[in-house]
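Worksheet for the structure shown next.
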Amino acid sequence: MFNLNLREHHRGTAMRFVVLSALLAVAGCGSEPASDSAALEPAASPRNQLVLKLVEADSVEADSVEADSTEEPGGDRAPYSSENASHVILIATIEKPTKQQAENKELRLNIEEVLRGKSLVENGEVVVKDSPDWHLYACLDIPSGAKRFSDRFAPGSSVGIFLWEDADHSWRVVDMTSLDTNSPAEQKAAWRKRIQRFVAVAEAPRADDPETRYKELLAGQPLDDPTFYALAYHRHPGAVRHIRQWLIDLSEMSETERSKSRQSFSGLLELLAGHHDAASIQPAVKVAAKLKVGERYSFFEFLPRLCRDADTKTLDELRDSIAPMVKELPPESELDSTTNYFLTHELHMAQAALKYLDERLEER
């Protein structure tokens, strides 16, 4: 049974969503029989509805978006940052308001499914403040009086909604995204699958046995986008051996097999570099040696972080391994960064990596 109850907070904001009713009988939960006294109460909303009401605050000051680690003021967000920041993610359809609801500035949502945060929805008291629709202002400063998420969707719209709770138990809309396409069922199914995959991997560190949970989630699976970003946002040592195994598998593939594998060499390197996993150096070198000139820039870019904790023997062998790769690169005088960006980038990254190794070895 899901209950969304309310208490008021932060009346200084110019406008906010306030949850007015209960969300019940969702995701297989049964409804409860009404009592005799309930018949005397004002008509309640259907048990699978969430009612949001826009409330004018006493203050006339413009509302502001509270910054968090996943949000750049005046700019677009990093991939999967809405998923990462949200404590509650749900699928809903916006109802057409009655005249009275429109006058009361109520936004009624028929809830189809809660994909994240069911326990918070069940137990927590929630105040949800609307936010400026940052999709409309990417790379621009969000102006005063900016359009909000509530302005974006017409009645009947199917939407994915992301809610975030701060330390003071104040809630706001992080994001709302349309799930209406020419094939709404397929779109909704794909979105649900992506969200559920991200949430499962992102929450693995909080499992009773994270290593077992990572084995369940990662073994035999490709490094798709939701998995990559969940692992990148939530580093945990229990995931390292599985990420490393992906890299080892990649190092043993032929060029044709690598192209069909759906594994991203640069993505694996970035994840393993974040853990400074020296055990991954050898398979990384093995993959890089099979790549063509101009395709190794990510290898050189992440190499210094990957070998940060490596011993002298490993560093010495690594320098010997990459020296021939660096020699294959043309001199910078022959490169034009406007027409050969990746090759120029690879040269600079290779020079920096070789310099890093030389300095590390000189220190020892």
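The values are calculated or read from the model by the stated rules, or taken from the named source; none is laboratory data. Please read these numbers as outputs of a predicted model, since none were measured by experiment. So basically every Cβ, Gly included, is an ideal-geometry build from the backbone, and we count neighbours across all protein chains shown. Only protein heavy atoms, including side chains, enter the accessible area calculation; ligands, DNA and RNA are left aside. Shrake-Rupley method; radii C 1.70, N 1.55, O 1.52, S 1.80 Å.
So which lysines pass the test for LYS147, namely a Cα distance under 23 Å, with those fewer than 8 places away in the same chain ruled out? Partners within reach: LYS53, LYS96, LYS99, LYS105, LYS129. Region 206-364 has equivalent-ellipsoid semi-axes of 28, 19, 14 Å, by the square roots of 5 times the alpha carbon gyration tensor eigenvalues, sorted largest first. Using a probe of 1.4 Å on the protein chains alone, the accessible area found for THR312 is around 60 Å².
Here's the list of lysines a cross-link from LYS193 could span, going by alpha-carbon distance under 21 Å and ignoring same-chain residues fewer than 8 apart: LYS118, LYS215. Is region 145-296 best put as rounded, prolate or oblate by its Cα gyration tensor, with a ≥ b ≥ c the root eigenvalues, rounded for a/c under 1.5, and otherwise prolate when a/b is larger than b/c, oblate when not? Cα axes put region 145-296 in the prolate bin.
The label-point distance for GLN196 and THR212, in a model that sets each label 7 Å from Cα toward Cβ, rounds to 2.2 nm.
Among 182-188, 78-84, how do they line up by average Cβ neighbours within 10 Å per residue, starting with the highest?
Per-residue Cβ counts within 10 Å, averaged per peptide and sorted highest first, yield 78-84, 182-188.
Electrostatic bookkeeping for LEU361 treats Lys and Arg as +1 and Asp and Glu as -1; over the other residues with beta carbon under 14 Å from its beta carbon, the sum is -2. Note down the net charge around VAL326, summing +1 for each Lys or Arg and -1 for each Asp or Glu among other residues with Cβ under 13 Å from its Cβ. Net local charge, VAL326 excluded: -1.
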